[in-house]
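Asker: Before anything else, here's the structure in question.
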Amino acid sequence: MGFVEDSEPPLKRPKLPSSHSKIHSPSPVAQEACSLGDLMARPLPSQTQGDAHTQTLGSRGLIKRFEFVKIITGALYSLGYDKTGALLEQESGIPFHSSPVNSLMHLLMDGKWDQGVATLRTIAPLDEPTLASASFLIFEHKFLHLLKMDDLAAALHTLRNEIVPLRINPNRVRELASCVVSPSHLSLLASHLDSTDSRSKLLEKLKALLPPAVLIPEKRLQRLLEKALDVQRDACVFHNSLDNNLSLYSDHHCGRTQLPSQTLQILEAHNDEVWFLQFSHSGKYLASSSKDRSAVIWEVKEDGQLSLKHKLIGHQKPVLTVSWSHDDNQLLTCGQDEALRRWDANSGECLHVYEKAGIGLVSCGWFPDGTGIFAGMTDRSICLWDLDGRELECWKEKTLRISDMAITDDGKRIISIYSDTAILLVDREVRIERLIEEEEFITSFSLSIDSKFLLVNLVNQEIHLWSIEGDPKIVCKYKGHTRARFVIRSCFGGFDQAFIASGSEDSQVYIWHRSSGELLLALPGHSGAVNCVSWNPANPHMLASASDDRTIRVWGLNQLNLKHRGGQSNGVIHHCNGRS
């Protein structure tokens with residue numbers, strides 16, 4: 001590996017440019033002294049003192065007892081346990097709904113609109129705007145019902161004297177008025193009007209409109225528990241598993257064992273430094289490229305082991321990068337200052353060679369729909385081709401001679417390293433260009449799966465996380481790895497892309513918590529600089545790293561046995577003859 005002084009920017013890759021609880025059973029005497037119902041309904045001493053509206057629960061006194069009981073009652077009703085919910089109301093003395101609210105609900109289900117509005121006005125606390133909006137919903141149902149009953153005079157009276165004076169939703173008022181002269185409008189608006197379902201939907205609208213103190217939102221307990229689990233998950237820096245593993249029985253906490261931290265397999269198929277690697281979108285394949293002028297496709301078996309599927313031969317110079325098509329059926333390989341090749345991932349056949357006379361290619365990628373490709377050129381241009389090699393677009397002076405490139409998942413923005421310290425975002429539709437500017441030299445970048453964030457590696461041994469929605473801004477920084485002479489690449493990964501991984505010149509792989517920037521792990525194992533890492537998008541417990549020691553390490557959860565598999569297993573070497 002060659003190198004030059006740190007004051008110079010890096011080349012694309014090789015060098016810089018110039019215990020269980022005990023349950024106590026009651027004694028026989030206690031069992032005779034009280035019934036099971038007495039035992040179940042006996043309140044705690046602290047709950048029998050004072051007004052139910054002032055009593056609190058919990059060690060910090062933050063939970064109001066009457067709210068707690070009402071939310072549990074609502075949960076029982078939502079689960080279909082109506083008798084149990086009614087029993088809780090009776091035993092606690094805390095009604096789920098106030099008497100006026102119960103009256104309102106019964107009146108509306110019976111179609112007694114005027115009495116419903118009158119009852120609504122007795123419910124406190126309701127401000128005037130809320131009262132007007134709720135009255136509008138009720139009178140709207142009354143109006144449509146009267147029209148459907150052919151009582152035009154009463155309907156017009158409701159519209160003119162009850163709905164219009166509320167001064168609510170004028171567009172809807174016009175729609176209602178049109179029903180008077182257009183039977184088709186009435187048919188559309190009043191369909192299923194007299195059904196129980198329609199009146200139930202009216203109640204649902206009122207629940208969304210009225211304050212929670214009046215009508216508790218549906219499934220409130222479930223939402224509170226979901227939020228509690230979300231908070232616990234987000235606070236766990238090692239969380240790297242599916243959310244269905246979360247439990248209400250205990251507080252959630254993952255350990256370091258949830259992160260890939262042990263070498264499970266060493267892949268040896270390259271004869272020189274391995275510069276780049278990338279898992280396919282489905283996670284079923286891994287592609288690697290090397291200074292030895294080859295690329296390799298590895299297959300991920302059901303047992304998590306990788307085996308060599310194809311060795312792709314044909315480039316005349318080191319292979320800088322690879323890029324998977326979105327269906328994982330094809331692979332692009334980019335030679336250093338050379339041509340771009342498209343391969344069939346299943347057969348290993350070279351399908352096409354893309355090149356321009358006198359101009360080399362330094363980076364590549366796919367259109368999201370798979371109908372074309374793009375590449376960065378040594379003359380600083382960005383070119384777009386269809387799969388047959390016809391040039392579609394070409395922009396001059398939009399990238400460095402040594403450059404990473406990416407395209408957002410909607411295909412609208414192309415991203416490239418524009419200068420030593422800037423990244424260019426080009427909107428293809430409106431031709432708007434924006435710059436992400438750093439103070440230090442940029443060596444590489446990686447785009448998140450949702451195309452909302454950019455991971456930027458810098459020459460000063462820092463990695464910056466940029467949000468590129470709206471005005472670009474740095475949201476986190478990561479430090480600890482070593483970069484002195486070569487291009488080192490990083491990636492997003494883990495469950496919900498909650499982690500950042502990076503290679504390092506000290507032969508280790510580094511893993512940070514994405515949101516906090518906390519360094520979680522440094523993984524030794526390689527005997528040379530780790531140039532690139534890739535996290536399996538389908539398996540949050542699988543990470544791969546490529547090194548100057550000519551190997552690829554596959555990292556997983558801690559296991560006892562290290563499995564070492566050479567590059568000759570199940571391998572077929574394919575030669576590309578250069579035909580297009």
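The values are calculated or read from the model by the stated rules, or taken from the named source; none is laboratory data. From a predicted model like this one, the values you see are computed outputs, not experimental measurements. Cβ sites come from the backbone with ideal geometry, for glycine too, and all protein chains shown count toward neighbours. When the accessible area is computed, the model is the full protein with side chains, heavy atoms only, and any ligands, DNA or RNA have been set aside. Shrake-Rupley method; radii C 1.70, N 1.55, O 1.52, S 1.80 Å.
Asker: Mind checking which residues of region 459-484 are in contact with an Asp or Glu (Cβ under 7 Å, 6 or more places away or on another chain), modelled with pLDDT under 95 and either of a type outside the set (Ser, Thr, Tyr) or crowded, with 19+ Cβ neighbours inside 10 Å (or both)?
Answerer: The answer is Val459, Asn460, Arg483, Ala484.
Asker: Follow-up. From the residues in region 268-319 that are in a loop (DSSP other than H, G, I, E, B) and farther than 24 Å from Asp404 by Cα, which one is nearest to the chain's Cα centre (by Cα)?
Answerer: The extreme case among them is Lys284.
Asker: Looking at region 236-274, which of its residues are aliphatic (A, V, I, L, M) and surrounded by 13 or more Cβ atoms within 10 Å (Cβ to Cβ)?
Answerer: Val237, Leu246, Leu259, Leu264, Ile266, Leu267, Ala269, Val274
Asker: Can you give me the ranges of the helices (runs of 4 or more DSSP H) entirely in region 51-120 with at least 1 residues that are within 19 Å of Leu210 (Cα to Cα) and open to solvent by less than 60 Å² (accessible area, probe 1.4 Å)?
Answerer: 65-78, 99-109, 113-120
Asker: So which strands (runs of 3 or more DSSP E) are wholly in region 491-580 and hold at least 2 residues that are surrounded by 16 or more Cβ atoms within 10 Å (Cβ to Cβ) and either modelled with pLDDT of 95 or more or acidic (Asp, Glu) (or both)?
Answerer: The strands (runs of 3 or more DSSP E) meeting that bar are 499-502, 509-513, 519-523, 530-535, 543-547, 552-556.
Asker: Something else: Being at pLDDT below 85, part of a helix (DSSP H, G or I), surrounded by 12 or more Cβ atoms within 10 Å (Cβ to Cβ) and out of contact with any Lys or Arg (no Cβ under 6 Å at 6 or more places or on another chain) is the filter here; which residues of region 189-229 pass it?
Answerer: Matches in region 189-229: Leu189, Ser198.
Asker: Still on this structure, I have one more. Tell me the residue from Leu131, Leu159 that is assigned to a helix (DSSP H, G or I), under 46 Å from the mean Cα position of the chain (by Cα) and not charged (D, E, K, R), please.
Answerer: Being assigned to a helix (DSSP H, G or I), under 46 Å from the mean Cα position of the chain (by Cα) and not charged (D, E, K, R) holds for just one of Leu131, Leu159, which is Leu131.
Asker: Looking only at region 414-431, how many residues end up being surrounded by 21 or more Cβ atoms within 10 Å (Cβ to Cβ) and within 21 Å of Thr371 (Cβ to Cβ)?
Answerer: 3
Asker: Let me ask something additional. Does Ala154 qualify as being small (Gly, Ala, Ser), over 24 Å from Ile71 (Cα atoms) and open to solvent by less than 60 Å² (accessible area, probe 1.4 Å)? Explain how you work it out, then say what you get.
Answerer: Values: small (Gly, Ala, Ser): yes; over 24 Å from Ile71 (Cα atoms): yes; open to solvent by less than 60 Å² (accessible area, probe 1.4 Å): yes.
Yes.
Asker: Condition check: charged (D, E, K, R), surrounded by fewer than 24 Cβ atoms within 10 Å (Cβ to Cβ), under 27 Å from the mean Cα position of the chain (by Cα) and under 16 Å from Ser280 (Cα atoms). Does Asp328 satisfy that?
Answerer: Considered against the rule, which asks whether it is charged (D, E, K, R), surrounded by fewer than 24 Cβ atoms within 10 Å (Cβ to Cβ), under 27 Å from the mean Cα position of the chain (by Cα) and under 16 Å from Ser280 (Cα atoms), Asp328 comes out as yes.
Asker: In region 228-258, how many are under 17 Å from the mean Cα position of the chain (by Cα) and small (Gly, Ala, Ser)?
Answerer: 2
Asker: Okay, next question. Looking only at residues in region 430-483 that are among the basic types (Lys, Arg) and part of a strand (DSSP E or B), which one is nearest to Ser363 (Cα to Cα)?
Answerer: Arg434
Asker: Follow-up. Out of all the residues in region 161-181, which are out of contact with any Leu (no Cβ under 9 Å at 6 or more places or on another chain) and modelled with pLDDT under 85?
Answerer: Correct list: Val181 only.
Asker: Could I ask something else about it? Say whether the condition of being more than 30 Å from Ala538 (Cα to Cα), among the hydrophobic types (A, V, I, L, M, F, W, C) and under 34 Å from the mean Cα position of the chain (by Cα) is met by at least one residue in region 355-374.
Answerer: We begin by selecting, within region 355-374, every residue more than 30 Å from Ala538 (Cα to Cα); these are 355-361.
Adding the requirement that they be among the hydrophobic types (A, V, I, L, M, F, W, C) leaves 357, 359, 361.
The next check asks that each one be under 34 Å from the mean Cα position of the chain (by Cα); those that pass are 361.
Yes, there is a match, as at least one residue in region 355-374 is more than 30 Å from Ala538 (Cα to Cα), among the hydrophobic types (A, V, I, L, M, F, W, C) and under 34 Å from the mean Cα position of the chain (by Cα).
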